[in-house]
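Structure first, then comments.
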Amino acid sequence: MEFVITDSSQDSAPAGLSAVAGSACRVPEPGAVEAEFAGADGTLVQRRWVEAAVAARFEQLQPVAPFPVVPGRRWGPGWWWSATTAGHVTHGSQAMCTQLMLLDRDPRVVGLSARPVRLIWRDPGSRRVLTWVPQLFARHADGSALLADCPATSEPTGERAARAAAVLEAACAAVGFTYRRLVPPDKMVAANVRWLAGYRHPRHRDAGGLEHAVLDAFAAPRALMAGAAAAGEVLSALPVLYHALWSARLTADLTRPLGEHTLVCPGPSDPGAGGSEREQQAR
């Protein structure tokens, strides 16, 4: 049995997923897709994808393959310290690092890993065995999950990546997961979140015992610097304020430059399932 996904226009494709214009993209039945991942002892294990997706905790696994080091490229593999996992997650590009940062800030995300699984299938047309290793895995608090790739631009992707995306999209949907190609965020949003990420460690949450004073100072919307001054000594209050903005206990419009006149507002009463618990456990 085969599934046939027809993409007739770029406009009908999900955000970040390039359609194979004017053609039918035939993908294998999800039950025919295999998954390869590292076992507890580091050896590779291969199982049917529909079984592995239920049994394996991909957010806890090491990469199934290392990120390549490309001579002459200005950006190589590195590590992102995750506030979500209180550990390091590897990345292979600046675009991937940025997406890791955004997922790390998402209160719905409770687990993160890089390249934890390789999907293997036989192409229905050519009968060749094909493989694809998604760059990121994110586990959500409700048990659902995201497999994602991180292109460097929002330009339409190549045909091979688009066809792999169709296979992964169908395979993930079959097990209650989601597959997405995460397009780069707005540059201003990325710059602001990158600044706040410098204060993501739990040590900044109540630095100097100022957590309650900072939150009280912004019980009503207020300019960033005015609220920091009202909470106490400004240089001591700012790290606590930035951490609160990172963790969504306070909010601001991050599509504009973050500065002294930025209007800071109270955050939602519940910024996300597990957010504050994760910080307390990481202390």
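The values are calculated or read from the model by the stated rules, or taken from the named source; none is laboratory data. It should be emphasised that the depicted structure is a prediction, and the values quoted were computed from it without experimental measurement. Using ideal geometry, Cβ is built from the backbone for each residue, glycine included, and neighbour counts are taken over all protein chains shown. Note: accessible area is taken over every heavy atom of the protein model, side chains too, but ligands, DNA and RNA are not part of it. Shrake-Rupley method; radii C 1.70, N 1.55, O 1.52, S 1.80 Å.
Annotations
- Cα centroid of region 244-266 to Cα centroid of region 20-94, whole Å: 33
- Ratio Rg/Rh, restricted to region 42-179 and using Cα atoms, in which Rh is the Kirkwood radius: 0.95
- Measuring r between the beta carbons of Ala226 and Ala86 and using R0 = 35 Å, the FRET efficiency lands at 0.60.
- For the pair Thr178 and Val70, a Förster radius of 41 Å applied to the C-beta separation gives a FRET efficiency near 0.90, rounded to the nearest 0.05.
- A viscosity of 1.002 mPa s and a temperature of 20 °C, combined with the Kirkwood radius over C-alpha pairs in the Stokes-Einstein formula, give the chain a diffusion coefficient of 104 µm²/s.
- The modelled label-to-label distance for the pair Val189/Asp142, using points 7 Å beyond Cα in the direction of Cβ, is 2.0 nm.
- Taking the accessible area of the chain, probe 1.4 Å, and keeping the other protein chains in place, the carbon and sulfur fraction comes to 53%.
- The long axis of helix 187-197 is offset from the longest Cα principal axis of the chain by roughly 60 degrees.
- Per residue accessible area of the chain, 1.4 Å probe, in Å²: 50
- Note on Ile120 and Ala161: their simple-model spin labels are 2.5 nm apart, each label 7 Å out from Cα toward Cβ.
- The chain, helix-only ellipticity at 222 nm - DSSP H runs n ≥ 4, -39,500 (n - 2.57), divided by all residues, nearest 500: -8500 deg cm²/dmol
- Rg and Dmax, both from the Cα atoms of region 22-97 and both in Å, are 16.2, 46.
- Modelled this way, with points 7 Å down the Cα-to-C-beta line, the labels at Thr255 and Thr131 are 4.3 nm from one another.
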